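One structure is given here, and the rest of the page talks about it.
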Amino acid sequence: MSVLAVGLSHRSASVSLLERTVQSDDGVVKLLADLLAAEHVDEAFVLSTCNRLEVYADVTKFHGGVQDVTERIALRAGVALDELADHLYVHYEDRAVQHLFSVASGLDSMVVGEQQILGQLRTALQTAREEEGVGRALGPLGDAALRAGKRAHAETGIDDAGRSLVSVGLGLSRATLGDWADVDAVLVGAGSMSSLAGTQLRRLGVGRLTIVNRTPERAQRLATTLDADVAGIDQLADRLAEADLLVSCTGAVGIVVGVDALARRTGKPLAVLDLALPRDVDPDVRALPGVSVVDLESLRSVLDGADVARDVEEVRRIVTDEVGAFLARQRSERVAPTVVALRARAQEVVDAELARLRSRAELDERTSHEVEVTVGRVVDKLLHTPTVRVKELAEEPGGDSYADALRELFALDPAATEVVTRAAVVVEAGDDE
């Protein structure tokens, strides 16, 4: 397995650039198809969120893989490669594994410890499996990353330390609002982030809450759980005329709330919280009287200074443990075909010598069986210690060299280990059916 990670996130790129590279569900599928057709890519999955676009791939060559992946990201994102290159990061093999586990644990999120990334990673893996992009290499990697993320949330206080975008955003918006019970709030969108925002607003005791969405059925379902009103997108300007707070977090590409939607306001203060990427709210609304805007760019500057050192350190320890365990398993699995091939070679020698003995001496059935068992025991005892030790040593960094030494010392045919590896793949594929 040669894992390559290529991507950009809120740590390496501006919000405006991330807006241009965000991929819809259909865009992710098309990018996957492009990647899997590339010369140096065997497997791949795409993690696309509001704050990152990352490709994880099993590649045959490092440089060829980097070129294949970066070119296809640029093509699907519609951004010139020269412009994109300065904002892309590349991780390979152990560092790629480390990065993915850190992402899954919330350490690389804009809000440290946020849980949404686990669901987003799970969706990315599911999509790749449906498109036959994930197999023997990336399947176990993705599952191990999810396990690390679950441990991080279950065993530490990172959930509390890493406040959600919603909580922080509402906290910043609070400066222009009065008592929550007097606040008239409009929530645009009906997805998971909108659900979080609506739930938090209800906990705060917001006076009136209206859900606005392009799909009335989705708006109504969310409104029912939040005891909120419902309005169509064509009624947005009417509702915003008297609103005190606008929270927008849709998955739309392009402006959802333009300056014209606020044209009926008369200068009454309005707090705007735009949690979408690409942004939902036209940046020009900042110039309107009484309007204050908090968006992802604003949140980044605040959240960077959050004091979550203790929990972050604990999560880092979990990530280190999980990465180490995963890499040890991978190294041990890589040496397994060599051990199997060595034992098969030893059995071939035993069978040949027994055949030679039987051709030269007449042995009764009992004696022949005893000789066969005795020789087999001798071979097993001779091979036991080196095969156990090579598995143990293989779990350490650089352990692959011991398998190489076995193949050299016993002149094992490389094709023999390939046969064992292919057989393992066939068995695993059969188990999945």
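Key figures
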read-out	value
Globularity ratio of the stretch 165-303, using Cα Rg and 2.2 N^0.38 Å	0.93
Among 373, 335, 90, residue whose mean-square fluctuation peaks in a GNM of the chain (springs only between Cα atoms under 10 Å)	373
Whole-percent pair-distance distribution, where bins are 5 Å wide, for the alpha carbons of the stretch 3-161	2, 10, 20, 23, 22, 14, 6, 2, 0
Neighbour net charge for residue 237 - beta-carbon separation under 9 angstrom, K R +1, D E -1	-1
Cα-based reach from residue 30 at 29 Å (exclusive), listing lysines while leaving out same-chain residues under 8 positions away	61
Within a Gaussian network of the chain (alpha carbon springs, distance under 10 Å), most fluctuating of 383, 296, 125	383
The chain: calculated mean residue ellipticity at 222 nm from DSSP helix runs of at least 4, using -39500 (n - 2.57)	-18500 deg cm²/dmol
Distance between the stretch 261-286 and the stretch 3-24 - C-alpha centres, whole angstrom	25
Descending semi-axes in whole angstrom, ellipsoid equivalent of the stretch 55-103, from the Cα gyration tensor	20, 13, 9
Centroid-to-centroid separation of the stretch 230-260 and the stretch 83-97 [C-alpha atoms, Å]	37
Residue among 361, 148, 57 with the largest mean-square fluctuation in a Gaussian network model of the chain, springs linking Cα atoms under 10 Å	361
DSSP bridge orientation in the chain - percent antiparallel, rounded to nearest 5	45
Per-bin percent of Cα-Cα distances, the chain [20 Å]	22, 43, 22, 10, 3, 0
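Read-outs: derived from the displayed coordinates by stated rules, not from any lab. All values reported here derive from a predicted model rather than from experimental measurement. Positions of Cβ are backbone-derived with ideal geometry, glycine not excepted, and every protein chain shown enters the neighbour counts.
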